[in-house]
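Here it is: the structure, laid out below.
Nothing in this text is a laboratory measurement; each read-out follows from the coordinates by a stated rule. What you are looking at is a predicted structure, and each value in this text was computed from that prediction instead of being measured. Ideal geometry is used to build each Cβ from the backbone, glycine not excepted, and the neighbour counts take in all protein chains shown.
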Amino acid sequence: MLFDLKGRRRHVVQAVYLLLAVLIGGGLVLFGIGGGSLNGGLLDAFKGGGGSGGDSAVKKRIENEKKQLALNPQNEIVLKALVRDNYQLAAAKVDPNTSQFDKDANGDLQQAALYWQKYLATNPKKIDPSLAQTMIQVYGQGGLNKPAPAAQAAEVVAEAAPNPNAYLQLAQYATLAGQTRKAELAGQKALALAPKSQRSSVKALLKQYKTGGAQPTSTTGGGG
């Protein structure tokens, strides 16, 4: 979608951008998030070819999913598919030079957010953490710039896979959302989970978040 490359070069580009999607926020360069957290996010943007032909296929899929949803508005599988497919359309509108969403992607991001909220409204037994990771990119500063729902999604990710990286991400967005208590608890958790050799760096990052010196960076348009 972002590139129309073939062979080894295409695989290299995909690998690079998948790695960038993991490195969300200044603190995330310290630790690694499991690759499974990106399923349904940037990974989906590389499926099924690129260009207008790929967009057309995704749009047709969305129309079919909407028809299925009309028959059963509580269908979690269809709602999740609609989130991912609308995000995929948005990801196809990322400027490869800046890794930021183009203005044209805003409508797709809004649709992804709409179906995410509908999905949450079904009260799933377990919220899909990979979908939540996608929503961090949707709600991030490079996307819709809504820190409160971004923090909510980040909390889902952190609870599903507790690691310093995930809790640093949660601390960032909770701070931006003015959720002081949640940010403090996330920071404490990040420190507790971090290796001793890296705790001083984590403390420095958390201090920067409080003073506004470290904002979540946007990778592939996301606000991770």
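Pulled fully out, how much extra length does the chain show between Gln208 and Leu114, if you take 0.36 nm times their separation in residues and subtract their Cα-Cα distance?
30.6 nm
Treat the count of other C-beta atoms within 10 Å as a stand-in for reagent exposure and order Leu89, Leu131 from fewest to most.
Leu89, Leu131
Once you order the gyration tensor axes a ≥ b ≥ c over the Cα atoms, which shape class does segment 43-160 get: rounded for a/c under 1.5, otherwise prolate or oblate by comparing a/b with b/c?
oblate
Once fully extended, how much extra length lies between Glu184 and Ile77, figured as 0.36 nm per residue of separation less the alpha-carbon to alpha-carbon distance?
Taking Glu184 through Ile77 to full extension adds about 35.1 nm, to one decimal.
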